[in-house]
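What follows is a short report on a single structure.
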Amino acid sequence: MNIKVVEGLNSPAKIINYLDFYNELNKIEIPQVFIEYKEIMFLPHKEICIESFYSEPSKLGYGTEAMLEIIKIANKFNIVLSLKPSTEDYVSTFWRKLGFQKGTKDFDDGYYFRYYDGYIE
């Protein structure tokens, strides 16, 4: 899998804080998948915000396979995954089938969240 950790305006991160998560991601051997994410700090929980996620070629199951592995790793390290899908219905359906849920109704900014197993609000 092709991984890029960013901060700010998509510039490469100088420090990777969730190194165990990053190292596990590097073990996923699906070269057709590309992920770019940002580590969200200063929250009561660990959070990874997926800025970009796609596979080439698409719609052949590579993205689903990779995301299922990413979810396992996030569960292992108690990390919340977040992302803001495009408005395309197919894309939103893809994320919902993987367990991502829209944010709270009080603050609907378009983000979806996948909480780790055992997460307590």
Here are some conditions: (1) farther than 27 Å from GLU121 by Cα; (2) surrounded by 14 or more Cβ atoms within 10 Å (Cβ to Cβ). ILE15 meets all but one. Which one does it not meet? (2)
Single condition GLU56 does not satisfy, out of (1) surrounded by fewer than 17 Cβ atoms within 10 Å (Cβ to Cβ); (2) within 16 Å of LYS97 (Cβ to Cβ): (2)
If LYS14 meets every condition in (1) within 24 Å of TYR115 (Cβ to Cβ); (2) of a type in the set (Lys, Arg); (3) part of a loop (DSSP other than H, G, I, E, B) apart from one, which number is that one? (1)
Taking the condition of being polar (S, T, N, Q), assigned to a loop (DSSP other than H, G, I, E, B) and in contact (Cβ under 8 Å) with a residue 24 or more places away in the chain, how many residues in region 65-104 meet it? 1
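Quick one: in region 1-40, which of the residues that are among the polar types (S, T, N, Q) and closer than 15 Å to GLU56 by Cβ is farthest from the chain's Cα centre (by Cα)? Break it down into steps so the answer makes sense when it comes.
Kept after step one, since they are among the polar types (S, T, N, Q), are these residues of region 1-40: 2, 10-11, 17, 23, 26, 32.
Checking which are closer than 15 Å to GLU56 by Cβ leaves us with 2, 32.
On the way: ASN2: 13, GLN32: 16 Å.
Looking at the filtered set, the residue picked out is GLN32.
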Within region 41-63, is there a residue that is in a helix (DSSP H, G or I) and either of a type in the set (Lys, Arg) or more than 26 Å from GLU7 (Cβ to Cβ) (or both)? yes
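No lab work stands behind these numbers, since they all come straight from the coordinates. This structure is a prediction, so every number in the text was calculated from the model and none was measured. A quick note on method: Cβ atoms are made from the backbone with ideal geometry, for glycine too, and the neighbour counts reach across all protein chains shown.
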